[in-house]
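The values are calculated or read from the model by the stated rules, or taken from the named source; none is laboratory data. Fair warning: this is a prediction, and the values are worked out from it, not measured in the lab. Positions of Cβ are generated from backbone atoms using ideal geometry, with glycine treated the same way; all protein chains shown enter the neighbour counts. Each accessible area value is taken on the protein alone, full model and side chains, heavy atoms only, with ligands, DNA and RNA left out. Shrake-Rupley method; radii C 1.70, N 1.55, O 1.52, S 1.80 Å.
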Amino acid sequence: MNRTTGDHGDGRDGAEGGARNGARDGVRDGARDPEGDGVRDGARGRDRDAAGRARSARPRDGLGRPLPYGAEGVPRLPEGVVRGPDETVREAQRLLDAGMPFHAHEVFEDAWKSGPESERDLWQGLAQLAVGLTHAARGNSAGGARLLRRGADRLAGGGPVPGAYGIDVGGLVAWARELADRTEGGDGGVLDAAAEAPRLRPV
């Protein structure tokens, strides 16, 4: 996923454009990040980290929505972390169970960016499921349903990953399609992300 545009590189929707940078966050010029981990660039009007890379300093809630500067948000995940498959699954499950599917999607994104090409459909499909749950929990039922189905199709049609690291691919495909149908046919209310969190591995 391009974290500037919110696009995963193949036309798929991100949880929101510019989720990890300041391009659409209405950054105020010339002010400093109150947390001290980034200085907003007055010339360009976007937040930058200590290395000068574009990265939003705005705090975010558990669903990845930007909060006002100075508000208390959830801890930010570092970008580009290389984790093994087991660690990826454990960390993503922890975040899903905590009602933070947006952050779980970023863990899956790190996995597909750092892993072998043969596993790309697995990790991208899981990232799409997490983003779909994020949209549904934000009240965007149509976008959530679309991404849940897209992720399910990617998982179902992707190349085989022997053992899939114990991930219940078939169960996740069924979960995503059922939730998409329920979300689309609902009354437009938001979902409880923690209550709806899937199990990545069979219990």
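Check each of the trypsin sites (Lys or Arg not before Pro) in segment 107-158 and keep only those in coil by DSSP with at most 13 other C-beta atoms within 10 angstrom; list them in order.
Answer by residue number: there is no such site.
At most 12 other Cβ atoms within 10 Å and a DSSP loop assignment: could you name the GluC sites (Glu not before Pro) in segment 72-105 that fit?
Those that pass, being in a loop and sparsely packed, are Glu72.
Kindly report the accessible area of segment 102-203 per residue (heavy atoms of protein chains, probe 1.4 Å, no ligands, DNA or RNA), in Å².
41
Rounded, prolate or oblate: pick one for segment 81-135, where a ≥ b ≥ c are the square roots of the eigenvalues of its C-alpha gyration tensor, a/c under 1.5 means rounded, and failing that, prolate if a/b is larger than b/c, else oblate.
Verdict is oblate for segment 81-135.
Round to a whole number: what % of the accessible area of segment 46-203 belongs to carbon and sulfur, probe 1.4 Å?
52
Past the 18 angstrom mark, what percentage of all C-alpha to C-alpha distances in segment 116-159 do you count?
Roughly 26 percent, rounded to a whole number.
Kindly identify segment 111-203 as rounded, prolate or oblate by the Cα gyration tensor criterion: order the square roots of the eigenvalues as a ≥ b ≥ c, call it rounded if a/c is under 1.5, otherwise compare a/b with b/c, prolate if a/b is larger, else oblate.
Because a/c hits 1.5 or more and a/b exceeds b/c, segment 111-203 counts as prolate.
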